[in-house]
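Trainee: The structure's right below; bear with me while I get my questions together.
Each reported figure results from applying straightforward, stated rules to the coordinates on display, with no laboratory input. None of the values given here were measured: they were computed from a predicted structure. Using ideal geometry, Cβ is built from the backbone for each residue, glycine included, and neighbour counts are taken over all protein chains shown.
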């Protein structure tokens, strides 16, 4: 039973914490938080132990009359591994604390690749994290891209890939986004291509990214030149049989990310989470040796299973396929069609 | 066991259908739909029988290879009561069909008040629908307003009320809204004040309404002149003990409708539904004989319980308080604080 | 000829600078800026002298190869008066610099009232700034509210006023706003009521405010109890004849703030600026001694003329009516109908 | 002097009408409108004669007390050429009317290509419209794409192009858009690639399109494989010297479409119109034989000059380069940098 702590209890932290509660080979010792907001109360009501993220934060909790279990140092002293889910660039500030405690650590994709020994995506390179001490689970966009390109690359072969990422401006709960406009990333290629290469080094890829005023999901338009002749049917068949990718159809009314989220609400997903890549079957096409794919990435949920698999690989708990299967069963993650 | 059909399976229809499935004194016979979209497949997978809304719609289902149970006439022949959840102004077109079938009928707030014998809100006028044949459940905004004003009026007395309704432009799944702007209703007072009076006739009220570019919830700013002296504490106490109203606190980070929805997601509400009025405790204030209240109305969910109570009243199944309590328990509806 | 500098060259700064260029009794000596962005180039191309806002900022300009005229100290040494248009709460940091230079100063509404000797609105209290050294031009929302309430109060008499302010989340050029939600101000009453009283102390007013995801204009719904009987026609007549308020009509298709902006674009307003309050004639109504008014406030432009009038009053250049008339003619500001 | 009428006075119609007023070789006889909204009053106040678009519309104008000059038949009887700017798919309904009147006609890109003898873009195929009777000015997106690809193709040679179009959901004045979501076009390739080929047939192109919740501008991410080796500098040099394309820089703060519009406002463009393609110089890059370009298309303004040039070509008024130059001078259209 691996003892795990979660630093941060925001969008990613709360999801990882809940996945830990559901996983029978891991034990959630507690979470650290900076502020005594409503989610601290919810955590406590679920039996999750809350620690102040720092001495300074402790004061906030005391002022609010919220009883914590101690500070992050107290949490670290009880765990084998800490999953850092702090906002981007904050993980690197926390790292010395984790090193001092001598625990294994997982960082998220908001940190630079060099924070860890390996950048991780379960399907693409599970084995590279085997027994490692410091692992970085790549960002939501890179995770989605990794899943799709990994399956195409290993089944067909990718000569080159070009992707345009259309990014959501902020998460639904936030209030700091682009309101009316489109904001292209000025650096070309964007960091997403190189980031994909930290996980799958041998794919030639160029990426462009723009930010748009929506909070629900990212959307990728992916153009892939294949290494060998492939039909649309073959491509769909591969996608359909790849874990953590689901197919939806525009002619069933699922024509936009907001409708995909409506589907997730209708089927009773907790928080309408879609840890799967959601690909429009209608848009999949093959022409002159290139494949065209359009899919959505639920930025809030997609890395939840990856963190669980990373813990298993780092602690040599079980091999890749077994871990992925177990995670998917635990979290209700599927592939192929959601209905029909 | 009252046999019920639901005409329409959109935002309201699917929620009413699910509430019927959960209610042990009612039986859902089936739903009618116009198009074979994904929700038709989901309905079938839940064991809900799907009927084509018309002969013309039947062709759509046939073309799509979706097997329906018949047309709405077939549905009507098996039910005691039909809940019409068609888009606004469509219910009145369906009415002759229902009359011919000799069934009781419930319409929604998108229809004019004169379509029914009584306009209904469970807490405000349950008894007026007792044994009636045609009832109109008032709109989401009027339902929210009715709950709040009814409890204040019956506990303190309302001398006059003024409300500014800040309306969401369309539902999350839709794509036909105001994108960047504010659109005031040109008619003053807006129809909401008079609509409230169809449920609670003896409150003097003026309403103004504007539409804003959001999809999540409506928000009301309500100004009430009391008939007798009241303190902030008394007002909060009344609100806290009123069914179907919950209190949230800005100082717990719940400072906007998008954060309230995040809370609903976090506590595991199906589709993040909040059939309760959500009032900010921080904003409740009393000054010079006036009370000021700010609350949010989840337009997708708020009328779900009202439809169930209307069915009970129309069929004399049980008295008001008993019905409301039963509905709340069935649907997990609460009041007061959600945590703490 | 009053020599004026403008600290800051953002939304307000650039508009005040241009108004100064057009005013024949004032001379724009220069503007200070923190960054060498495109607007620095545009300023230079119009012959406006650019100064670095601080020594540290100077480095930015040097790095970018943009030649400035010096720092703000150099600017201050040449002027009689500085108009501070820094972002909210920054003006108070700049104040010691201005005091040291011994210049008159104008701050904007983002600063607290106690930064200045008087809070200013041209129509409401021009004379109170007469000969003063430090004046604060109130915020866009308070300016709009002041204009409307001042004319009603002085023509009819206001017994009490209640206003709900529906605020734009950020300016069009910004990228840090609320994207999908409504965010009520938790403090009740909001600061806008008391702020109105810094300009017109004898109006009893309560205000509530919410933020919505739009960038174009604020919108106020104003409820006024009159001191004496008034008809809708009298109210419209007063409004129509008040400077800096224009009337538009929903039945001409001008049904929302985005359509009002379209009108401003069509009539060739520079930057589609509407320094006037824009009131919907359709919505003006009078009932039971209360008046109901709905109007939009163009947050980017409305304080432009107020700054010019403040300069005149502080320097005793000319009396109120003369100054307002001159400003309006200089800037093309009108009242009544824009066409017909 | 070519006598021209404009059918429709919306987004495109009003801009074409104003361009006609400024062009000394054309005479605007009048415009047709369906409703007596504010723009009818503005037209009249500018001396533009307004005709009812149909007999039925005539009644609307009469009811509103707005005096029109007659119906569209009266307008057609006085003109040599009609520019149809009706909403998409309406032009084809109007065509018989124009044929009966025996006038030349221009349609917009909302109509199918086969409505006209030639699909037109001034820079790409001016000469093909020479003396023609029926011409279709391609849509805003195809116009932008044509300008960019035409100059690259004629200067370097395009082996293949791939473009992802990120489309605004509706125009600023409209209220019927996508509010929170991303909506990919389900058909792949989208119609934009084939539409580009109606103007430049010999470019191999695939296009994908998505709709996003913004009203200001479209944005294209264009990937071009060159026929011969080209450097970034050469590519920038070509772009810089192409008419109707301007370059902006992210490091000057122009990092998004909303900031580009702010620039257009600041430089005093009427209605902040940018008939030019606006390309980010920062994003232009060349790698492994491919060029990457990101540019914005102002959907409201970009076809204004194209309509004028089409009139000249159809009436053999002057040769291509002369016409484009004259149009640009008349309308203030530039290329290269806007400042520096």
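Trainee: At 25 °C and 0.890 mPa s, what whole-number value in µm²/s does Stokes-Einstein give for the translational diffusion of the range D:1-120, with Rh from the Kirkwood sum over Cα pairs? Numbers along the way, then the final one.
Mentor: On the way: Rh = 14.2 Å.
Answer, rounded: 172 µm²/s.
Trainee: Let me ask something else. For residue B:268, which inter-copy label distances result when the label point lies 7 Å beyond Cα on the Cα-to-Cβ vector, reported in nm to one decimal and in ascending order?
Mentor: Relative to the other copies, residue B:268 has label-point distances of 1.2, 6.5, 6.6 nm.
Trainee: Once the mean 1/r over all distinct Cα pairs of the protein assembly as shown is inverted, what Kirkwood radius in angstroms do you read off?
Mentor: 33.6 Å
Trainee: Using just the C-alpha positions of the range A:140-302 as equal point scatterers, what log10 of I(q)/I(0) does the Debye formula give at each q in 0.13, 0.17, 0.20 1/Å?
Mentor: -0.60, -1.04, -1.38
Trainee: While we're here: How high is the relative contact order of the range D:38-111? Use alpha-carbon pairs under 8 Å, at least six apart in sequence, and give a whole percent.
Mentor: Details: 77 pairs, mean separation 18.3, N = 74.
Relative contact order, the range D:38-111: 25 percent.
Trainee: I need the shape label for the range C:107-167. Rule: rounded when a/c is under 1.5, else prolate if a/b > b/c, else oblate, with a, b, c from the alpha carbon gyration tensor.
Mentor: Judged from the Cα gyration tensor, the range C:107-167 comes out oblate (a/c at least 1.5, b/c at or above a/b).
Trainee: Which single residue of chain B puts its beta carbon nearest to the axis of rotation relating B to A, and what distance, in whole Å, does that give?
Mentor: Looking at chain B's Cβ atoms against the axis toward A, the nearest is B:180, 2.
Trainee: Of B:122, B:296, B:40, which is the most mobile in a GNM of chain B whose springs link Cα atoms less than 10 angstrom apart?
Mentor: Fluctuation is largest for B:40.
Trainee: Just how far, in whole angstrom, is the range D:174-250 from the range B:66-101 if you go by their alpha carbon centroids?
Mentor: What the calculation gives is 48 Å, centre to centre.
Trainee: For chain B, find the longest principal axis of its Cα atoms and tell me its angle to the long axis of helix B:320-331, 0 to 90°, nearest 10.
Mentor: The helix B:320-331 is inclined about 70 degrees to chain B.
Trainee: What number, in percent, do you get for the relative contact order of the range A:91-158 if the mean sequence gap of Cα pairs under 8 Å and at least 6 apart is divided by its residue count?
Mentor: Values: 78 pairs, mean separation 20.6, N = 68.
After rounding, I find 30 percent.
Trainee: List the distances, in nm and shortest first, from the label point of residue B:100 to the matching label points in every other copy, placing each point 7 Å from Cα along the Cα-to-Cβ direction.
Mentor: Spelled out, the distances from residue B:100's label point are 4.1, 8.0, 8.8 nm.
Trainee: Taking 8 Å as the Cα distance limit and 6 or more residues as the minimum spacing, I'd like the relative contact order of the range C:140-302 as a percentage.
Mentor: Relative contact order for the range C:140-302 comes out at 29 percent.
Trainee: Please figure out what share of the DSSP beta bridges in chain B is antiparallel and state it in percent, rounded to the nearest 5.
Mentor: 40 percent
Trainee: A follow-up question, please. Calculate how steeply helix B:304-314 sits against the longest principal axis of the alpha-carbon atoms of chain B, using the helix alpha-carbon long axis, and give the answer as 0 to 90 degrees to the nearest 10.
Mentor: Result, in degrees: 70.
Trainee: Moving on to the next point. Could you calculate the FRET efficiency of residue A:251 with residue D:160 from 1/(1 + (r/R0)^6), where r is the beta carbon distance between them and R0 is 35 Å, rounded to 0.05?
Mentor: That pair, residue A:251 with residue D:160, gives E of 0.75.
Trainee: Show me, bin by bin at 20 Å from 0, the whole-percent P(r) of chain C based on Cα pairs.
Mentor: 31, 58, 10, 0
Trainee: What gaps in nm, shortest first, separate residue B:114 from its twins in the other copies when you place the label 7 Å past Cα toward the beta carbon?
Mentor: 5.0, 6.1, 7.7
Trainee: Now a separate question. Can you tell me the orientation of helix A:91-101 relative to chain A, as the angle in degrees between its alpha-carbon axis and the longest Cα principal axis, to the nearest 10?
Mentor: For A:91-101 against chain A, the angle is about 50 degrees.
Trainee: What residues from the range A:67-83 fall in the zone where the backbone N is under 15 Å from a label point 7 Å along the Cα-to-C-beta line of residue A:100?
Mentor: Output list for this probe position: A:71-78.
Trainee: Write down the radius of gyration of the range B:199-243 and its Dmax, each obtained from C-alpha positions, in Å.
Mentor: Here Rg and the maximum Cα pair distance are 14.2, 38 Å.
Trainee: Now for a separate question. Over 22 Å, how big is the tail of the calculated P(r) for the range D:208-340, in percent of all Cα pairs?
Mentor: That tail contains 43 percent of the Cα-Cα pairs.
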